[in-house]
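Let me begin by presenting the structure, written as structure tokens, before commenting on it.
Coordinate-derived values only; no laboratory data. Everything quoted here is computed from the prediction, not taken from an experiment. A quick note on method: Cβ atoms are made from the backbone with ideal geometry, for glycine too, and the neighbour counts reach across all protein chains shown.
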2 protein chains.
Amino acid sequence: MLQNLANGIWKISWGEPEIHTPLQHRPMPPAAEKLQALPAAPPLPLQAADFDCQINRRGVTIRLPMGPTEDIYGFGLQLLSFNHAGKKRHIKVNSDPRIDTGESHAPVPFYLSTAGYGLLVDSYRYVTFYMGTSTDRGASSAETAVNQQHQEFSEDALYALKRSKEIRHVIIEIPVAQGADLYLFAGNLQQAVCRYNLFSGGGVVPPLWGLGNWYRVYGGSDQTQVLNLARQLRDEAMPITVLGLEPGWHSHSYSCTYEWSDLFPQPERMIQQLTAENYQLNLWEHAYVYPASPLYSALKEHSGSYEVWHGLVPDFADPLARQIFADYHKTHLVDAGIAGFKLDECDNSDNNPSNWGFPDSAAFPSGMDGEQMHNALGQLYQMTLLQPFVQAKRRTLSQVRSSGALATGLPYVLYSDLYDHKEFIRGLCTAAFSGLLWTPEVRSCQDAEDLLRRLETVIFSPLALLNCWRIPNPPWQQYDIDLNLQHKLLAKAPRQALTAAVRKILQLRLRLLPYLYSAFVDYYLSGRPPIRPLVLDFETDPETHSIDDAFMFGPSLLVCPLTKADQGRRKVYLPVGTWYSFDGAERYDGGQWLQVTAAADEIPLFVRDNTLLPLAQPVTQLTDQPSFLLTVQSYGQGPASCVLYEDDFVSLDYQQQGFKAYTVSRTADGSVHYPDLGASHAYSWQA
Amino acid sequence: MLQNLANGIWKISWGEPEIHTPLQHRPMPPAAEKLQALPAAPPLPLQAADFDCQINRRGVTIRLPMGPTEDIYGFGLQLLSFNHAGKKRHIKVNSDPRIDTGESHAPVPFYLSTAGYGLLVDSYRYVTFYMGTSTDRGASSAETAVNQQHQEFSEDALYALKRSKEIRHVIIEIPVAQGADLYLFAGNLQQAVCRYNLFSGGGVVPPLWGLGNWYRVYGGSDQTQVLNLARQLRDEAMPITVLGLEPGWHSHSYSCTYEWSDLFPQPERMIQQLTAENYQLNLWEHAYVYPASPLYSALKEHSGSYEVWHGLVPDFADPLARQIFADYHKTHLVDAGIAGFKLDECDNSDNNPSNWGFPDSAAFPSGMDGEQMHNALGQLYQMTLLQPFVQAKRRTLSQVRSSGALATGLPYVLYSDLYDHKEFIRGLCTAAFSGLLWTPEVRSCQDAEDLLRRLETVIFSPLALLNCWRIPNPPWQQYDIDLNLQHKLLAKAPRQALTAAVRKILQLRLRLLPYLYSAFVDYYLSGRPPIRPLVLDFETDPETHSIDDAFMFGPSLLVCPLTKADQGRRKVYLPVGTWYSFDGAERYDGGQWLQVTAAADEIPLFVRDNTLLPLAQPVTQLTDQPSFLLTVQSYGQGPASCVLYEDDFVSLDYQQQGFKAYTVSRTADGSVHYPDLGASHAYSWQA
């Protein structure tokens, strides 16, 4: 039976549910009021009778109908596929998802269908979804199938994805479990994903500094070198707001001690000095606790049956383990001024030469087994290290390498060791279908153009990250890793040119900060992802259903990133409607493909009709009281508006007090009306 | 409790066994007499108390100890790994095993350990083996682990496979099952694999023609074109013994009808004409039965719950389904003179764009589920199509894309759509650890050198196959696929040179035929694989433990294939002992690495000390009564012998009557003694 939980959200259950599931460990309660305030949901296109559920020794198998033209999106961060119709997806966390099986750093047992619904399987198991891959025995007859003698003489032709004309099924296999709860979200793609996100508690509101530019420092750096780099970035007027330290800060790593190493003799002083220069500091770690760590003895009895890299695997499904781990981090790191963490390797490796990880059959004191813990670890680890910040009444924006279901409200951004630029752009599109945030971090590059192209993508992502862990000098001084390690920098002229080009790109991020922050507040309020593929906004335009190389950034900007492989030229699809170039000089009719060219330091942006776009004057640093001098760029002729949200940008007070909202509007006569910003600390209008 | 089954073979069981397992469907009974005749086995290095077994809702988990220096081989055909120590292996059939997870066309839940045993898990499940990947919680202490501050600033360094110094465990996870049977085989690597092979019934004895050279014909060919090609090969004096037809012979394919298409209006006549020219004919198929097939209605109730490519999936675990399928093939194809089949796509796809295959939760009338059937299908399909040949009292050598446990006695050779030459060579090494046969087929090539290099490898494999399914003209006339399709052949001079070089390589295969046939008879009698990695013969020489790019061919030849990437030059390790060049001119001390160079049409071969190598004069065709004019090349000075086996080369009479054996021997004084071949039809000595 379908049980209605909220406006447009339904539940259907069979058998005996498992004790540990994403819902049982949900990071946030549903945003019930916001869900209730949504317009009434369209009817769910599925009835209880559409579902068939079998429970046997294998686990649970559920079938539901899938139409021949249904498109399918979601399943978490997916770097290799966009539309999953006709494919098999295996929801198993994997640190190296090199082939298109559905495995991922952040696989989520949640999909969206263009039939008008989203579906979440509440399980940490390695669930397999067959999205219309199979027809029932007897469904075919000699008449319905078309090909005759074999005509295809290449492997590519033979195994190409062919959509069939029959009604097929979605088949969902949940291993081990003897029962299942499914959650259904009614509406078109955007409506269903907003419902899922609000059901997960609503989107993240990051601290403002988290939306600036990040720079992870060379792994071999000591305290002096970190401070020198920080100084150098300021001297170069590089608008960097966050620095990150890599494993070298631990006295032992792989596995970790969570104690400062000899490289950092006075960490408190370093934090103070960085704070004085308006940097936030982020620390790398993973969850595997080395025997020499002060956490070891307290956690030993609250850990899994196997070690990883000689370290304990804390049982974060056990509240006591969470408490021990969180308390330590609060006392020793968060209270000392650390702004966030990078939670590495909470995914699991099947493919790396070293096959690190614990067995699926591992046992945890909470009763979880290894399979469940693998798919849960990212989510639980995020929750654990969010705790010290919540206690300190501060926000964080942190990094994590694995995530899962219902993680929308967790202030963490995913990253990967994989590095294909086009796949990284696809990740920006796919993560949005499951309430996840993803950074296509800039880590290395072939040449100056590649560096700029990757930077242009990353500043239009949730986290604008340069991960320079392998190079002691900034990449704009030398992008070649080996030469950089030898401190052989580029010649002066190309170095200055590249530095200026990088600065300009990073500045653009900060100019868009008020706009982006407001988009995140909207994510919190309405569930609409701040960065999302075109199909989420333009579902009725079928051309958007396969576009995974361009995306919406905030309410109004369409971003068309180029990669080095594009050689300065690519096609972009403008959905039905009217569009403008970023500078407003060009007007385009939508519903067409456009050939665009862009110099290495340019990223094509298109603006929706009837947009008011707030843009700030460039700033280099974000102080405790950030201040933006704004202009509003106006596109189109009709009525338009934009909202600027303001609060203290760092605390959790917004959860009680909400935000101040300033609405700029344009009336039918074309005149733009600016709100009174008298009460604002953050915003002012440029004369 | 360890139960002794035979000389050096033990069984240990827990819980309730599953109904369908490789042993329940074993293709052949154990070769009990041959096992008994082996020297007494060394003691098994494991006691019952070494095993721990847990049975719960996840299935069965078994642990046993693994020492820090133990090397691990096996798990079926493995193209990406050789030594599996420190790795996780997932025994799941996969048509595109592109990453090193243990998945394969022919994964086998069987491994060999240098600790002195082999272990078979009798299960069709997707068993996972953790080969020393994990230490128990508490096994590490701050003192035992060595690395301190993090020093590794590249992903490669970070995730490199590091063997640890602790005692770890083998952990075996069998999903779903509530019981397990393990079979243990005592001895060093070669002894254990011979025991496994004899337990599987002993090695294959192929028909002699199967060991000749194979040529699969262009997929778009009609009957006339096939006959023209056959004629052309004879005109060119190419020693091809088998022709293969691709999907176009079916009236419908993907899925199949098993009926001749309009391209072949007189198949009986074609077969007669090919037979007259001493060709055997092999036909491609897969097991998925199209609705228009004459087999469809009889099989419908004996098939799985889902279709593949609109075709039935026959339940080959059901004897009746096997009977229907086999009888049809006997009546319509085998009795008409077809010599064998190519059983395609009995593996399963997780990765291809089209994700073909049936769900793991599929149900089969026999009670098998989809997971079991995926891992069983290759084995059961082979057994099904062996039946008509057994009934006809004829041998076959056929091709198959998937296989599994206990398949040693099945006359099928594996192949793959993957195509890396070095991986294909590794496959020759790894397949031998599990009683499998593998062909590194020649399918396409970058240039003439690549063609020759690949041919040089394939003639030293179980099946010397040119798979020309994409090109209407032989590759020595044009190796570029597009030009070949346009019938634009190479210029005369390079074409003639390439043709001669190819002919010379293919001739070498036929010159070695008596030697290779005898090695296969030895496989049948003793279980020793005819083609095997060096470590199987030289386990006490530790350098051989990682060599996966050279191998033994028959008792005495060490083959050192080059790939195009080697650019004519590579290193080869000669194990401890004395070695000779193939022509006998050079003598080498073993226990050293040797730099070798080889022209494009040369493959370096090394001969073991004290070898008598029988070599035949080149022949182009194999008649019903093959006849070889032999010389014996003599290497070294000490006592030596070689055995030539003879029978009718095609029937199954050897199973009752055995073989005639002719032993050439060299006594301590260096004189070679030839046996009287008076009774031989096949062999004669060159004057």
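Shielding value for A:290-296 is 3, the average number of Cβ atoms from other chains within 10 Å of each residue's Cβ. In nanometers and ordered shortest first, the copy-to-copy spacing of the B:T331 label point, defined 7 Å from Cα toward Cβ, is 8.3. Under a 5 Å amide H cut-off, with hydrogens placed 1.01 Å from N, B:L594 pairs with B:V572, B:Y573, B:L574 among residues at least 5 apart or on other chains. Selection among B:G367, B:L320, B:Y306 by position relative to the dipole of region B:271-394 gives B:L320 as farthest towards the positive end (Cβ unit charges, Cα centre). Residue by residue along B:258-265, Cβ atoms of other protein chains within 10 Å of the local Cβ number 1 on average. Ranked by how many other Cβ atoms sit within 10 Å of their own Cβ, fewest first, the residues A:S104, B:S154, A:S416 fall in the order B:S154, A:S416, A:S104.
Quick one: plug the Kirkwood hydrodynamic radius of region A:525-597 (C-alpha pairs) into Stokes-Einstein at 20 °C, 1.002 mPa s, and report D in µm²/s. Stokes-Einstein gives a translational diffusion coefficient of 165 µm²/s. Here region A:235-383 is assigned +1 on the Cβ of each Lys and Arg and -1 on the Cβ of each Asp and Glu. Its dipole about the Cα centre then comes out at about 300 debye.
Each Lys and Arg Cβ is given +1 and each Asp and Glu Cβ -1; about its Cα centre, region A:208-520 then shows a dipole of about 1440 debye.
Local charge for A:V193 was computed over the other residues whose Cβ lies under 9 Å away, with Lys and Arg +1 and Asp and Glu -1, and equals +3.
Take A:R98, move 7 Å from Cα toward the beta carbon, and the resulting point lies 1.0 nm from the same point in each other copy, nearest first. Here the Karplus curve 6.51 cos²θ - 1.76 cosθ + 1.60, taken at θ = phi - 60°, turns the phi angles of region B:657-668 into couplings of 9, x, 10, 7, 10, 10, 9, 8, 9, 10, 8, 4 Hz, with x standing for Gly and Pro. Put in line by how crowded their Cβ is, counting other Cβ atoms within 10 Å and starting with the fewest, B:L562, B:L198 read B:L562, B:L198.
Selection among A:G187, A:S349, A:T578 by position relative to the dipole of the protein assembly as shown gives A:T578 as farthest towards the positive end (Cβ unit charges, Cα centre). Local charge for B:A276 was computed over the other residues whose Cβ lies under 12 Å away, with Lys and Arg +1 and Asp and Glu -1, and equals +1. What the Cα convex hull of chain B gives, in volume per residue, is 171 Å³. The DSSP beta bridges internal to the protein assembly as shown are antiparallel in roughly 75% of cases. Calculated on the Cα set of the protein assembly as shown, radius of gyration then Dmax: 33.7, 115 Å.
Look at A:H310, A:H25 and count the other Cβ atoms within 10 Å of each Cβ; fewest to most, that gives A:H25, A:H310. Name the shape class, rounded, prolate or oblate, that the alpha-carbon gyration tensor gives for region B:606-660, where a ≥ b ≥ c are the square roots of its eigenvalues, rounded holds for a/c under 1.5, and otherwise prolate holds if a/b is larger than b/c and oblate otherwise. Note, shape of region B:606-660 comes out oblate.
Peptide B:126-138 has a mean of 5 when you count, residue by residue, the C-beta atoms of other protein chains within 10 Å of its C-beta. Projecting the Cα atoms of B:V535, B:Q507, B:V559 onto the charge dipole of region B:487-578 (Cβ charges, centred on the Cα centre) puts B:Q507 farthest toward the positive pole. Distances between placed amide hydrogens fall under 5 Å for B:L283 paired with B:L245, B:G340, B:F341, B:K342, all partners being 5 or more residues away or on another chain. Comparing Cα centroids, region B:6-47 and region B:460-503 end up 47 angstrom apart. Computed over region B:1-148, the quotient of the alpha carbon radius of gyration and 2.2 N^0.38 Å is 1.16. Taking the Cα centre of the protein assembly as shown as reference, the dipole from Cβ charges on Lys and Arg (+1) and Asp and Glu (-1) amounts to some 680 debye. For region A:208-520, the fraction of alpha-carbon pairs lying more than 24 Å apart is 53 percent, rounded to a whole number.
Copy-to-copy label distances for A:A48, where each label lies 7 Å from Cα along Cα-to-Cβ, are 5.3 nm in order of increasing length.
Listed values for region B:470-482 are Karplus-derived 3J(HN,Hα) couplings in whole Hz (6.51 cos²θ - 1.76 cosθ + 1.60, θ = phi - 60°), namely 9, 10, x, 10, x, x, 6, 8, 6, 8, 6, 4, 5, and x replaces Gly and Pro.
For region B:645-687, what Kirkwood radius comes out of the mean inverse Cα-Cα distance, in Å? It is 12.2 Å. Taking one equal scatterer on every alpha-carbon of region A:192-264, how large is log10 of I(q)/I(0) by Debye at q = 0.23, 0.28 1/Å? Each listed q corresponds, in turn, to -0.99, -1.19.
Panel values: region A:388-454, Kirkwood radius from alpha carbon pairs, Stokes-Einstein at 20 °C and 1.002 mPa s, translational diffusion coefficient 159 µm²/s.
Summing charges over all other residues whose Cβ lies under 12 Å from the Cβ of A:L677, with Lys and Arg as +1 and Asp and Glu as -1, gives -1.
Across chain A, the relative contact order, built from alpha-carbon pairs under 8 Å that are at least six residues apart, equals 14 percent. Antiparallel beta bridges, as assigned by DSSP with both residues in region B:208-520, represent about 15 percent of the total such bridges. Ignoring lysines fewer than eight residues from B:K564 along the same chain, the ones with Cα atoms less than 17 angstrom from its Cα are B:K422. The distance linking region A:299-357 with region A:239-267 is 16 Å (Cα centroid to Cα centroid, whole angstrom).
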